[in-house]
Amino acid sequence: MSDRPERKLEWGFLGRISYPASERLQVSIRDAVRAGRKSDVLLFLEHPHVYTLGRNASNADVLADPEWLETRGVEVAECNRGGQVTYHGPGQLVGYPIIDLNPDRRDIRRYVHDLQTVLVATLAELGVDSQPRRSSEELGVWVENRKVASIGVHISRWVTSHGFALNVDTDLEYFAAIVPCGLSDVKMTSIAEITGNHHSLSEVATICCHHFVDVFDRVPVLVPREHLSMNWPIAS
Amino acid sequence: MSTEVIMPQMGESIAEGTITKWLIAVGETVERDQPLFEISTDKVDAEIPSPASGVLLEVKYPEGATVQIEAVVAVIGEAGEVPAASEASADLAEEVRDPKMTSAAEAVAAAETIDEVADQTDTVVEPELVDRVRKMSSPLVRRMAEEKEIDLSRVPGTGIHGRVTKNDLLRYLESRVDTSTAPGVRTAEVMVKAATAQPGQFMVPAFAEGDNVEIEPMSNIRKLTAAHMVYSKQTSAHVTTVFHMDLSRVAKVRDRAKDGFLRTHGTKLSFMPFIFKAVANALIASPKLNASIDGTSVVFKKDINLGMAVALDWGLLVPVIRHADGLNLVGLAKTANDLADRARRKKLVPEEIQGGTFTITNPGVFGSLFGTPIINQPQVAILGIGTIEKRPVVESDADGNDTIAIKYMSYFAITFDHRLVDGADADHFMIHIKQTLLEESWSELDPFL
């Protein structure tokens with residue numbers, strides 16, 4: 001097709017989903033997107049307490065005592081994204097865009113910058129003045145010298161997976177037990193810590209989606225959780 | 001005949017990438033488009049697919065190496081003895097990569113030479129030779145063929161000089177295997193494919209060449225709906241049963257209360273809140289209809305979240321009234337009207353269209369007597385409300401005298417999943433609704449009467 005029709009983005013908020021389950025879901029959706037059976041998808045969700053080790057992470061980055069992890073019910077999971085160790089948990093909005101960057105967005109650097117633009121705009125709408133940091137050590141979105149959102153992306157034949165994690169109302173204590181992103185002196189923060197407002201994740205997801213479709217030039221289609229996780233084959 | 005694998009450019013301003021992992025070891029076979037290695041640029045990991053099928057002959061950079069874009073990082077070719085022509089090609093290719101050779105013209109010339117050599121070789125290969133070479137496939141392929149008792153000369157080869165590669169053999173095997181191996185565990189994908197007719201399967205063309213038609217692509221919501229409907233039909237054992245409901249009492253109460261209700265609450269009082277209330281009460285009594293099936297388990301939903309189908313210009317949406325059992329008529333009316341209104345204006349947020357445990361649809365709004373709705377997965381039942389109108393009904397009094405009365409009547413059709421719900425369960429549920437509509441006094445509306 002020479003003049004492409006508008007590109008749809010199916011999105012929704014899945015609620016709380018375990019890290020491994022979200023990985024399986026992403027793979028099945030990614031395969032469908034890559035095969036052209038499904039339009040682009042933006043999953044929003046939150047994870048139960050989990051420390052995830054990126055490809056460049058070492059177990060030494062988890063400072064917590066195994067017993068502490070167990071009593072708190074914190075899982076440790078390895079994953080195939082870039083980056084080091086990070087924490088996910090309740091109150092943190094996780095966004096997993098599974099979008100085909102073909103044919104006009106085949107640029108990793110641009111993709112990451114676009115995600116940062118989306119996050120900065122979302123934060124601005126919630127009254128937070130933030131700045132993107134682009135060096136690979138500090139990649140994310142920062143509020144002065146504290147980090148409010150992390151980015152970790154995987155790309156397979158220009159179809160993205162993994163994505164970003166925005167601390168909305170996260171219990172920041174859990175970050176103390178790791179070396180986030182391999183930077184030992186990184187201080188994490190959250191929207192609640194900065195503004196004192198406790199937003200629901202679904203509300204932030206809705207705002208974030210609006211900015212996402214603006215930046216990525218997609219048409220949003222809100223899809224129920226049940227239907228997102230069913231992963232029906234959709235010819236596009 | 002070997003193929004060079006180059007470090008791809010992952011973005012306009014990106015000059016290099018770090019190889020983080022080789023997914024295929026030297027000597028292993030790889031299929032075209034299968035992930036071959038992973039790189040990391042700007043903290044983003046990317047899987048790079050193989051540009052060709054064959055054996056990974058050489059890896060030029062170890063994991064952890066940072067490599068300029070366009071650099072050759074690996075070579076893929078055929079296993080075992082390399083034909084002379086290929087060797088020549090490889091040598092020439094080596095030269096192309098030589099850093100001393102900087103002229104683009106020279107590189108092109110060399111590349112053309114490779115093609116020429118390859119072409120010449122092709123033309124001198126005799127038919128018997130082709131046959132022999134094909135049989136002389138890699139040890140792996142020969143072993144596989146032996147195991148499966150296959151004569152390799154019968155297998156179409158796509159490798160060098162028509163050699164049979166591992167993939168050729170797998171394809172050949174696949175084509176011989178009956179594909180209908182596991183009935184009952186068909187995926188949604190298979191369902192929809194079946195429904196949309198694949199080549200070789202039974203299909204009726206939508207139109208013939210020259211027909212007077214106009215073709216328009218489906219909207220996304222149309223495609224989703226189509227896939228959901230087929231998926232649901234293939235998943236659940238649909239049964240529909242129809243009850244004749246007497247809403248005379250509801251109609252009377254509503255008629256007297258609606259003006260006061262609108263003045264006080266600023267929203268209209270339709271028949272629907274009464275029906276929602278009756279349904280929520282009946283679901284408390286019939287938990288099987290407020291459930292889902294998970295494999296061989298039954299998942300009883302503790303919350304009663306009523307989905308209400310809303311027809312829109314651009315498709316169908318099912319916003320959800322959460323905890324409907326906890327709402328009174330005012331709460332149900334306000335919630336339902338607000339959801340329907342915002343559905344039309346595309347202003348719903350995620351949790352308002354998900355988590356439904358039971359769905360109500362209202363085909364009667366357009367005059368239909370009753371419909372046989374399709375279940376909204378993963379639920380197990382859906383209630384269709386037919387048009388509500390005055391009808392003559394025969395009534396018998398205690399003495400057995402029959403009279404014809406004029407009543408507000410409606411056909412309610414319940415479609416249930418017979419995997420979980422039996423006819424008696426559905427009837428029990430419907431009788432509960434019928435009783436509520438007949439007997440409930442709706443005393444909360446007394447202030448408006």
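Select from segment B:270-307 the residues that are over 19 Å from B:Ile433 (Cβ atoms) and either basic (Lys, Arg) or touching a Phe, Trp or Tyr at 6+ places or on another chain (Cβ under 8 Å) (or both) and list them in ascending order. B:Lys302, the sole residue that qualifies.
The residues in segment B:48-83 that are within 27 Å of A:Gln84 (Cα to Cα) and either in a strand (DSSP E or B) or of a type in the set (A, V, I, L, M) (or both) can be counted, and the count is 9.
Among (1) at pLDDT below 90; (2) touching a helix residue (DSSP H, G or I) at 6+ places or on another chain (Cβ under 7 Å), there is one condition B:Phe243 misses while meeting the rest; what is its number? The one condition B:Phe243 does not meet is (1). Within segment B:242-257, can one find any residue that is within 31 Å of the chain's Cα centre (by Cα) and either part of a helix (DSSP H, G or I) or closer than 28 Å to A:Leu222 by Cα (or both)? There is no residue in segment B:242-257 that is within 31 Å of the chain's Cα centre (by Cα) and either part of a helix (DSSP H, G or I) or closer than 28 Å to A:Leu222 by Cα (or both). Scanning segment A:24-40 for residues that are in contact (Cβ under 8 Å) with a residue 40 or more places away in the chain and over 16 Å from A:Leu9 (Cα atoms) yields A:Leu25, A:Val27, A:Ser28. With the condition kept exactly as written, say whether any residue in segment B:271-283 is at pLDDT 90 or above, surrounded by fewer than 17 Cβ atoms within 10 Å (Cβ to Cβ) and of a type in the set (Lys, Arg). Within segment B:271-283 (the criterion being at pLDDT 90 or above, surrounded by fewer than 17 Cβ atoms within 10 Å (Cβ to Cβ) and of a type in the set (Lys, Arg)), the answer is no, since none of the residues qualifies. If you go through segment A:129-143 and keep only what is crowded, with 23+ Cβ neighbours inside 10 Å and either within 14 Å of chain B (Cβ to nearest Cβ) or closer than 25 Å to A:Glu23 by Cβ (or both), you end up with A:Leu139, A:Gly140, A:Val141. Taken as a whole, the structure leaves A:Leu123 outside the set of residues that are crowded, with 24+ Cβ neighbours inside 10 Å and within 13 Å of chain B (Cβ to nearest Cβ).
Looking at segment B:338-387 only, could you name the residues that are small (Gly, Ala, Ser) and either more than 10 Å from chain A (Cβ to nearest Cβ) or more than 20 Å from the chain's Cα centre (by Cα) (or both)? Residues satisfying the conditions are B:Ala340, B:Ala343, B:Gly364, B:Gly367, B:Ser368, B:Gly371, B:Ala381, B:Gly384, B:Gly386. Of all residues in segment A:124-149, those satisfying the criterion of being touching a helix residue (DSSP H, G or I) at 6+ places or on another chain (Cβ under 8 Å) and over 26 Å from B:Thr41 (Cβ atoms) are A:Glu125, A:Leu126, A:Gly127, A:Val128, A:Asp129, A:Val143. Of the set (1) at pLDDT 90 or above; (2) under 18 Å from the mean Cα position of the chain (by Cα), all apply to A:Arg225 but (1). Looking only at residues of segment B:394-420 that are in contact (Cβ under 8 Å) with a residue 40 or more places away in the chain and hydroxyl-bearing (Ser, Thr, Tyr), we find that the one that is surrounded by the most Cβ atoms within 10 Å (Cβ to Cβ) is B:Thr415. A residue that is without any contact (Cβ under 8 Å) to a residue 40 or more places away in the chain and among the aliphatic types (A, V, I, L, M) occurs somewhere in segment A:140-148. Summed over segment B:364-423, the residues that are more than 22 Å from B:Thr436 (Cα to Cα) and of a type in the set (Phe, Trp, Tyr) give a count of 1. Here is a check on your reading of the model: is B:Asp45 assigned to a loop (DSSP other than H, G, I, E, B) and under 29 Å from the mean Cα position of the chain (by Cα)? Criteria not met by B:Asp45. Counting only residues that are at pLDDT 95 or above, out of contact with any strand residue (DSSP E or B) (no Cβ under 7 Å at 6 or more places or on another chain) and not acidic (Asp, Glu), segment B:391-428 holds 2 of them. For segment B:1-51, a residue qualifies if it is among the charged types (D, E, K, R), touching a residue at least 40 places away in the same chain (Cβ under 8 Å) and more than 10 Å from chain A (Cβ to nearest Cβ), and the qualifying residues are B:Glu4, B:Glu16, B:Glu31. Here B:Val72 passes the criteria (1) at pLDDT 90 or above; (2) out of contact with any helix residue (DSSP H, G or I) (no Cβ under 8 Å at 6 or more places or on another chain); (3) of a type outside the set (Phe, Trp, Tyr) except the one numbered (2).
Yes/no matrix, rows are residues, columns are (1) away from chain B (no Cβ under 14 Å); (2) among the acidic types (Asp, Glu); (3) surrounded by 22 or more Cβ atoms within 10 Å (Cβ to Cβ):
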| position | (1), (2), (3) |
| --- | --- |
| A:Asp61 | yes, yes, no |
| A:Asp65 | yes, yes, no |
| A:Glu70 | yes, yes, no |
| A:Glu78 | no, yes, no |
| A:Val85 | no, no, yes |
| A:His88 | yes, no, yes |
| A:Gln92 | yes, no, yes |
| A:Gly95 | no, no, yes |
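When B:Lys277, B:Lys301 are screened for being within 14 Å of chain A (Cβ to nearest Cβ) and more than 23 Å from the chain's Cα centre (by Cα), only B:Lys301 passes.
Kindly indicate whether any position in segment B:235-252 is surrounded by 16 or more Cβ atoms within 10 Å (Cβ to Cβ), within 13 Å of another protein chain (Cβ to nearest Cβ) and closer than 16 Å to A:Glu226 by Cα. Scanning segment B:235-252 turns up at least one residue that is surrounded by 16 or more Cβ atoms within 10 Å (Cβ to Cβ), within 13 Å of another protein chain (Cβ to nearest Cβ) and closer than 16 Å to A:Glu226 by Cα. With respect to the conditions (1) over 16 Å from the mean Cα position of the chain (by Cα); (2) assigned to a loop (DSSP other than H, G, I, E, B), A:Glu193 falls short on a single one, namely (2).
Among the candidates A:Arg146, A:Arg110, the residue that is farther than 24 Å from A:Ser28 by Cα, at the interface with another protein chain (Cβ under 9 Å from one of its Cβ atoms) and not acidic (Asp, Glu) is uniquely A:Arg110.
The values are calculated or read from the model by the stated rules, or taken from the named source; none is laboratory data. Just so it is clear, the structure is predicted and the values come from calculations on it, not from any experiment. All Cβ positions, glycine included, derive from the backbone under ideal geometry; neighbour counts span all protein chains shown.
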